[in-house]
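Notes for the one structure printed next.
What follows draws every value from the coordinates through simple rules; no lab data is involved. From a predicted model like this one, the values you see are computed outputs, not experimental measurements. With ideal geometry, Cβ positions are generated from the backbone for all residues, glycine too; neighbour counts draw on all protein chains shown.
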Amino acid sequence: MIGKKYKMLNSSAERSTPAAINSLMATVIKYKFDEFEADLRAAELRKNGTRLKLQMQPFQVLIALLERPQEVVTREELRQRLWPQDTFVDFDHGLNTAMVKLRDVLGDSASKPKFIETIAKRGYRFLGNAEVISNQPAPAEPKTSAPAEVVPATSGNPPLQPANLPIETDLALPRTSRNTARLLFILTQIMYLIFYLSALFSWENTYKAAFNTWGRAGATAFVVYMATSMVGIAVRLYLISATAMDYHLLGSKYRLLTPALFVLDMIWALSPLLIADRIGLGFALGACAALVYMPFAQRTLIKMMQTGQ
C-alpha cells in the first residue's frame, strides 16, 4: 500500500516538471493526415484545402481517433466523450451513424479500411499517422500560469474533450425521444398518403372540385393533383419504410429530396380549397395554413432523429 502511494506521488511529481507543464500548455489546433486536415478551432475537416460537410459528432469521433493513432479507441470511450451520462440516446445507433457519415466523407470502407478499422465488439482504430500542429504559448512569467485551453491526450491517458469543440446539440429542437420523433414523422407521411389516395379514388369529385375552385385553370389543376399524388405515393412509402427500418442514411437522402418535397407539399397545402364548399372557406384556409407549416415540421423531426434527442 505504501509503495503504491509512493508511486502515485512520484508520478504526480513527474507531471509537475516544467517540461510536462509546457507540454500540457501546448494547444493542438490541427491534425493532418493524407490529403485531409482537421481544424479543431473551426471544427472543420478539409481535403486539399476544400471544406467538407461533416457534422459535429462524426468530427468528434475523428478527433478521438486522431489523438491516439494506431491504438484502439473503445466504444465506451467514445460514448463518454460524445454523450454525457445524463443524456439518454440510442448510443449504438448514434455511434454507428456517425461512423458511417465519417467514412463516407473520407471515402473509406469498413470492409477495406484505409483510415479507420473496426475492431469487432471493441471499438475503432485509426490506421495512419496524424501530423499534430500545435500552438505553443510563450513562456509564462514567474508566479503566473496561463490555463491550458486543450490538454492533448497521450497514449497513456484517455482523450479529453477540447474546450472549443462542444457536443453536438441543437437547443432550438424540442426535447423528446428519438422514437417519438420517428413516430410523428411516419404519421405525417401517412397523412399525405391519405390525401393522395382520396384524390385518386374519387377522381371524378376531384375533377369537379378543381373546376369549382380554379375555374378555367381547373383542368390544369386536376392534372397537377393527379400527377403529384401518384409521385407522392411512391415518395411517402419510401420515407415510411426508411424511417420504420431506421435507415442510417435517411437524413442525407431527405436533404436531397427536400427541394422537390417542398414543391410537392406546397401544391397539396392548397388542397383544402377543393372542399371549401363542404367544410367552409374559413376552415379550409386554416387547414391550408397548417399544411404550409408541415414541410418545416418534417425537417425538424428529421433533425431530431439525427441528433438522437
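Other residues lying with their Cβ under 14 Å from the Cβ of Val100 contribute a combined charge of -1, Lys and Arg counting +1, Asp and Glu -1. Residues Leu66, Leu45, Leu270 in ascending order of nearby Cβ atoms (within 10 Å, fewest first): Leu270, Leu45, Leu66. Can you pick out the pairs among Lys32/Lys303; Lys47/Lys101; Lys121/Lys253; Lys47/Lys112; Lys30/Lys114 whose Cα atoms lie more than 23 Å from each other? With Cα atoms farther than 23 Å apart: Lys32/Lys303; Lys121/Lys253.
How would you rank 228-240, 108-120, highest first, on the average number of other Cβ atoms within 10 Å across their residues? Don't jump to the answer; show the numbers that get you there.
Values: 228-240: 17.3, 108-120: 13.0.
Listed from highest to lowest mean packing, they are 228-240, 108-120.
Taking a ≥ b ≥ c as the square roots of the Cα gyration tensor eigenvalues, the range 186-309 comes out prolate, since a/c reaches at least 1.5 and a/b is larger than b/c.
State whether the range 223-280 is rounded, prolate or oblate according to the following rule on the C-alpha gyration tensor (a ≥ b ≥ c being the square roots of its eigenvalues): a/c under 1.5 gives rounded; otherwise a/b larger than b/c gives prolate, and the remaining case gives oblate. Each step should come with its number before you reach the end.
Values: a/c = 2.60, a/b = 2.27, b/c = 1.15.
Since a/c reaches 1.5 and a/b is larger than b/c, the shape of the range 223-280 is classed as prolate.
Annotation: the residues Ser271, Ser252, sorted from fewest to most other C-beta atoms within 10 Å of their own C-beta, follow the order Ser252, Ser271. Measuring r between the beta carbons of Ser202 and Val263 and using R0 = 25 Å, the FRET efficiency lands at 0.55. Distance between the 7 Å Cα→Cβ label points at Lys47 and Arg122: 2.9 nm.
Given +1 at the Cβ of Lys and Arg, -1 at the Cβ of Asp and Glu and no other charges, the dipole of the range 178-307 around its Cα centre is 300 debye to the nearest 20. A simple rule links phi to the HN-Hα coupling: the Karplus curve 6.51 cos²θ - 1.76 cosθ + 1.60 with θ = phi - 60°, which for the range 37-43 gives 9, 9, 9, 6, 5, 8, 6 Hz, with x for Gly and Pro.
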